[in-house]
């Protein structure tokens, strides 16, 4: 038994070291590249930018969590309690935030024809930033809240309902069980928001992440960009550590109990219906704001396909690079609780705190100062940066999928296996396959919409679709950029539909 525990601990250490090397090598390369800390970093102006970033990220995370709590409650209790239909809100989950930014701009322009004063107050500033980012990150928060309800013991819930009202049971029994998941989801939303500059820059709000990109573009001092990122990364790391610690003890398979249909009071029912309406609007808004503008579009379909092809090649390579290390870390996170669990969780999620633009700068430095320089002209260059950027996201998605694996079948296979490792390849890997594919699809779609990392790493003649759209949006909405965004939305619907089909097939095989 002691030897087995030692072996498992050794494997955990090896996986963590490989994971850290993969995610933190670009930042380490920047740290070793030279001096740069002697320049003043956090002055009054940059402190103001950090406050702007914090406000946008905090309000966005808070709004997403409030909506997700009531939406998940209504979905769980209502007609959407079917295995796959109740996950409808994930259909456009990997859609890039700038698509919602364009949808918001189109909607405000349409309303501005009726109420001209709206154009003055709603086209720039904090409000549109929070609105757009809320729509972009709301599916992730709803998924976490609904997954938390799946963890609730159905017998405990039913027993509580016999002694108290559904509303009281929810707030006193069920909501406390959701809190660890909600905190983790809120932390991820906060970090993704605070480390992104694409949406605030579109609405003319200066944020700290944009300062990092601007400083590097002006001075070209990569190590200085690392030091400049420290206040942002420290803030994000503190949020991650405080929010993810309660989630570390969750490693048991999810249980989706049938037959629990609480009847809530009108106020809670209304809140749930309103929240569900917002999740439906998150899906409908891009379609209703794009399609009318396409009637007058004529033109450059081939260039758009060329940029989309560049993005697809980099995305596929990135998924291939990160699948194995992400799966290893996800299996480690979903394994039995051990003394190393808090450390493993921190190792898994802390790389999220590195801004995408800093990851791009680090990869650029790594490929410039090592023999990897010969690969700078190919798709592997940008794919490596995207793989490093989204490896923690892939690990968390796979962790959520692996929680649904049939542990009893895996344990039985290990006991009956004739050769070491045969249970993994014959039983566990086939069970993991749908989760690996779903994770790959979502991460691929996220790479298609990445701006911060891709903008730093793009080479001549290989402009990705995301950067092309981002540049067009700075000149105002047009039919052409609407067409580009609709292409990405269609790709998202097609691939997420494939993910839904895989999940349905997996359930039929169980």
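Quick note: the coordinates plus some simple rules give every number you see, no bench work behind them. Computed from a prediction, not measured in an experiment: that's the story for all the values here. Cβ placement follows ideal geometry from the backbone for every residue including glycine, while neighbour counts extend to all protein chains displayed.
Order these by the 10 Å Cβ neighbour count, fewest first: 431, 332.
Numbers: 431 20, 332 23.
Listed from fewest to most nearby Cβ atoms, that is 431, 332.
Ordered by the number of other Cβ atoms lying within 10 Å of each residue's own Cβ, fewest first, 399, 216, 390, 500 fall into the sequence 500, 216, 399, 390.
Mean projected area of the convex hull spanned by the Cα atoms of region 369-449, taken over all viewing directions: 7.7 nm².
Once R0 is set to 51 Å, what does the formula 1/(1 + (r/R0)^6) return for the Cβ-Cβ distance between residue 45 and residue 273, expressed as a FRET efficiency to the nearest 0.05?
Working: r = 45 Å, r/R0 = 0.88.
That pair, residue 45 with residue 273, gives E of 0.70.
Hey, what D do you get for region 308-458 in µm²/s if you plug the Kirkwood alpha-carbon radius into Stokes-Einstein at 25 °C and 0.890 mPa s? It would help to have the intermediate numbers written out before the result.
Numbers: Rh = 16.7 Å.
After rounding, the answer is 147 µm²/s.
Hey, what's the Cα Rg ratio for region 34-509 versus the globular rule of thumb, 2.2 N^0.38 Å? Don't skip to the answer; put the middle values down first.
On the way: Rg = 22.7 Å, N = 476, 2.2 N^0.38 = 22.9 Å.
In units of the globular-protein estimate, region 34-509 measures up at 0.99.
Just so you know, the Rg over Rh for region 305-369 is 1.10, from Cα atoms, with Rh as the Kirkwood radius.
Footprinting exposure proxy ranking of 68, 420, fewest other C-beta atoms within 10 angstrom first, gives 420, 68.
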